[in-house]
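See below for the structure under consideration.
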Amino acid sequence: MTTVQILLLASLFLIVLYIYLRLRSSVVDAVVFILLALIGAALVVFPDYTTVIANKIGIGRGVDMVIYFSILFLGFVCLKLYARIRRLEQTLTTIIRESAMLNARALEEEAE
Amino acid sequence: MNEDFTYILVPAFNEAEVIREVLESLLKLKYRVVVIDDGSRDNTEEVIRGLTVRYLRHRVNLGQGAAIQTGMSYAVRKGARAIVTFDADGQHKVEDIPKLLETLNEGQVDIIFGSRFMKGASTNASAGRKFVIRIGRIVNFLFTGLWLSDAHNGIRAMNRKASRKIKIRENGLAHASEFLFEVKKKKLRWMEMPVTVEYNKYSRKKGTSHMSGFKIFLHLTLYKLFE
């Protein structure tokens, strides 16, 4: 096993551990994550398989395929996060707006 | 138009230096004036204390679009029949307000946009700013199909129908384009009227930079994507 394989496997293990410890997700989520992690681990241990799959869909090298899909996936994650931030912003705006209207004041009554 | 039911909305963010003067000139018109303090960190509230205005404050800074929407929601709740938006930095002229309201009162349109480039208008905008606004007009046209002679002018007047139907969700500067989206979507009748926009030393310094044009464009694109 090469150094990079050990590094990647260790990272995968840490990610799964983190998800398990911090996010306390539902059983379904946990199963999906573990399954994904296992697939990832398998591909790290037997990297030649990625090339076999890549060739089937018309990409020369397994690593290239992994990078293409990673970019697509990351782009998708960014959009999802952006949409979530927008929703959060709108919620925050609603709360601040309501509070501003409830606390509207007439300044002429406060003159010293 | 009944003065008691006409609301002038003045969104303000860190405008303590000039806002009192602007408000005092607005108060001469006898309409109701609402200041929406968008989380200013200067002494805006202190300098305007004692003036006959309603004061609403966002606890944190949200952006001019959010401030205008807060003002609109408030005015509608208070039974406003007409609403005018007016920048706090002194670039608009109060004399334009009665003209806008008079035309609005004739009932032919729901919303009137102030334009600094129509015949009869006047502005001392720099060549650079005029260029950016020209691009802004094209962008607005591409997004909405509405061809206006000005873009992102802070002075506009609308009736109750328009102020109830228009919902500004773009908190930042792109709200000016969102007004057009809403006008189009909600099938409101609109027109433009010439107004005077005079940048003073203060509003030049404080106002939007040329870069913000690009930012607005980016926000509009994202807005359309996530509508």
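The values are calculated or read from the model by the stated rules, or taken from the named source; none is laboratory data. This is a predicted model, so every value here is computed, not measured. Please note: Cβ atoms are built from the backbone with ideal geometry, for glycine as well, and neighbour counts cover all protein chains shown.
Being within 14 Å of chain B (Cβ to nearest Cβ), surrounded by 13 or more Cβ atoms within 10 Å (Cβ to Cβ) and either modelled with pLDDT of 90 or more or part of a helix (DSSP H, G or I) (or both) is true of A:Ile96. Of all residues in segment B:30-80, those satisfying the criterion of being surrounded by fewer than 17 Cβ atoms within 10 Å (Cβ to Cβ) and either more than 11 Å from chain A (Cβ to nearest Cβ) or among the acidic types (Asp, Glu) (or both) are B:Lys30, B:Arg41, B:Asp42, B:Asn43, B:Glu46, B:Gly79. Is it the case that some residue within segment A:77-91 is away from chain B (no Cβ under 14 Å), of a type in the set (Gly, Ala, Ser) and either surrounded by 11 or more Cβ atoms within 10 Å (Cβ to Cβ) or without any contact (Cβ under 8 Å) to a residue 24 or more places away in the chain (or both)? Scanning segment A:77-91, I find no residue that is away from chain B (no Cβ under 14 Å), of a type in the set (Gly, Ala, Ser) and either surrounded by 11 or more Cβ atoms within 10 Å (Cβ to Cβ) or without any contact (Cβ under 8 Å) to a residue 24 or more places away in the chain (or both), so the answer is no.
Here is a yes/no grid of residues against (1) small (Gly, Ala, Ser); (2) touching a Lys or Arg at 6+ places or on another chain (Cβ under 7 Å):
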| position | (1), (2) |
| --- | --- |
| A:Leu23 | no, no |
| A:Leu38 | no, no |
| A:Ala41 | yes, no |
| A:Pro47 | no, no |
| A:Gln90 | no, yes |
| A:Ile96 | no, yes |
